[in-house]
Each structure stands twice: as structure tokens, then as C-alpha cells.
Ligand code: PAF
């Protein structure tokens, strides 16, 4: 398995693959890899001839400096984790300078309102950072397909919009959320949970699963209120938001209508670790 840190290395490899008409899959990550990432890599290998796994902790998508500093990093562990995939993948682990040049700065995007709510509201500038880094990385990797987990469902919708507005010929492939046996959505941030927080954290998914049972007999506001009350019982977990929204537009649902698909979206703090999850209601 090769690990490239320089953009020119990857660019010449990619040019070669394109010349040979090979289909390129891309799995962008920020490292601290876990089984959820492995499932993205497996899907990419199944659907493409060559696969690039990106590892880059993107500074511009963190609205909070402390969150950026504390984000788990373990490049050696990540490389070991990916070794079983052998020659089927190339790892791209660039520096910020390789990706951004001298200006580590976000561009501003208009994602047609998808960026204003939920993660966008609570993490100002986050999606400009995600859009900027992916625009740069897509230019370097030039993939035919890119694979994104549904845990970051809002990000997934924004990436689809990015590809549309930038006119990129990339197929965005959504991949289901990987969960621990107790339901907790796998996330690099889980590594930062204390033992007690980790024990309590499955409450997030359990509450979403119970909320789903209230659909469609109860109105969206009633379901959200019920979730808020449930979280008041927890001493460890702090609810940041619960939202019920149309899956396509991410607009807040005020009532449930036919021919729409709805999802419950949640963000919760366990100590200073911020966890997100979501669940389709219908
Ligand atoms: O989902 C992530 O890990 C990041 O937001 C991404 C897509 C790799 C961009 O930095």
C-alpha cells in the first residue's frame, strides 16, 4: 500500500489511471479511522478499479480552535488499519500547504439554504470549510465516485450540491451509518469519550429509535419535545438540537406529508465531545 503526501505524486498517478480508463473511487476522511470508514473503503473497492483514501484534518471546517486541536490524530495507526486492503488502495495524507497553498482559507458557497440549519447554524462557517477542502481535493484526486457516510447526512446533501454547482462529473455515493452493537454511531470522536460517557452515549440512538415509533401519529414538534424531555433525564449528555426535517431539502418539518421522506437529526455533547446522529423516520 502506497502513502502519498505530495499532491504531484497523486496527480501523476491519477493521470495514469485516467489514461488507462480506470474508474477511480475516493474516500475522503479526517483519519482516526474506524469500522465505519472501512465499510466506505470496501464499497469503493467493490465499485471502482482504483481507490484513494484521503486522510486530512481540514482546519477550515472547525469553527472552534480547541475542537481542531483535540481532534484525534493517529496517522501511523490509520496506515496500519488500512494495510489489510493492501494494493487495492492508495493513501493520500497531504499537509495543509499541499492542499491549500499559502492561503489556508475558506471560500464562500451558496448551497441553496442547505448550509444554514442544524450543523451550519451551530457551527458557523463549517460547510464553507467542507466545500472548500472538497473542491481542492476533488481537483487533485479527480475521482469518478466519492463515498460519504450518512452519519453526516447534511454534509452528504451539501456535497451533492457542491458537485452540482461546480459542475463536477463525480458520482456521490451515500453509505449507511455504521453502529456499535449498542447502537452508537461510529465516529472518530468516540475515541475521546470517557468510560462513563461511552456507557451513556448509546442513549442518543435509543432515543432516536423511540422517537421513530412516534412517527407519524405525532406532529414533528411533539416528537421533538418528547426527545428534549428524555435528554433532561441524562446527567452526562447535553442535547444541542433535535430537528425533524425533510431529507431532501433539510427544511424543518411542520407537519408530515405524503411523498416526503423525513429524518430526525440530533447533536449532543458528552462532556466536551460533540456527537451527531440521524435516523430516517419513514
Ligand atoms: O466527513 C469528514 O470526515 C470531513 O468533513 C471530510 C468530508 C473528509 C472533509 O474534510
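The values are calculated or read from the model by the stated rules, or taken from the named source; none is laboratory data. All of these numbers come straight from a predicted model, not from anything done at the bench. Note that each Cβ is placed from the backbone with ideal geometry, even for glycine, and that neighbours are counted across all protein chains shown.
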* Mind listing just one residue for me: the one in region 124-144 that is surrounded by fewer than 18 Cβ atoms within 10 Å (Cβ to Cβ) and assigned to a loop (DSSP other than H, G, I, E, B) and, of those, farthest from the ligand (Cβ to nearest atom)? => 124
* Residues of region 145-162 satisfying the condition of being within 12 Å of the ligand (Cβ to nearest atom) and either at pLDDT below 95 or over 16 Å from residue 276 (Cα atoms) (or both) -> 146, 147, 158, 159, 162
* Structure fact -> Checked region 145-175 for anything in contact with a strand residue (DSSP E or B) (Cβ under 8 Å, 6 or more places away or on another chain) and assigned to a loop (DSSP other than H, G, I, E, B); matches are 170
* Applying the selection to region 68-84, what residues are surrounded by 15 or more Cβ atoms within 10 Å (Cβ to Cβ) and in a helix (DSSP H, G or I)? -> 75, 78, 79, 81, 82
* Asked: What do you reckon, is residue 159 surrounded by 22 or more Cβ atoms within 10 Å (Cβ to Cβ), without any contact (Cβ under 8 Å) to a residue 60 or more places away in the chain and under 16 Å from the mean Cα position of the chain (by Cα)?
  -> yes
* May I ask you to list the residues in region 223-263 that are touching a helix residue (DSSP H, G or I) at 6+ places or on another chain (Cβ under 8 Å), part of a loop (DSSP other than H, G, I, E, B) and closer than 22 Å to residue 201 by Cβ? => 234, 236
* Asked: Right, residue 21: assigned to a loop (DSSP other than H, G, I, E, B) and modelled with pLDDT under 95 or not?
  -> no
* Asked: Among the residues of region 83-90, is there at least one that is in contact with a helix residue (DSSP H, G or I) (Cβ under 6 Å, 6 or more places away or on another chain), within 13 Å of the ligand (Cβ to nearest atom) and touching a residue at least 24 places away in the same chain (Cβ under 8 Å)?
  -> no
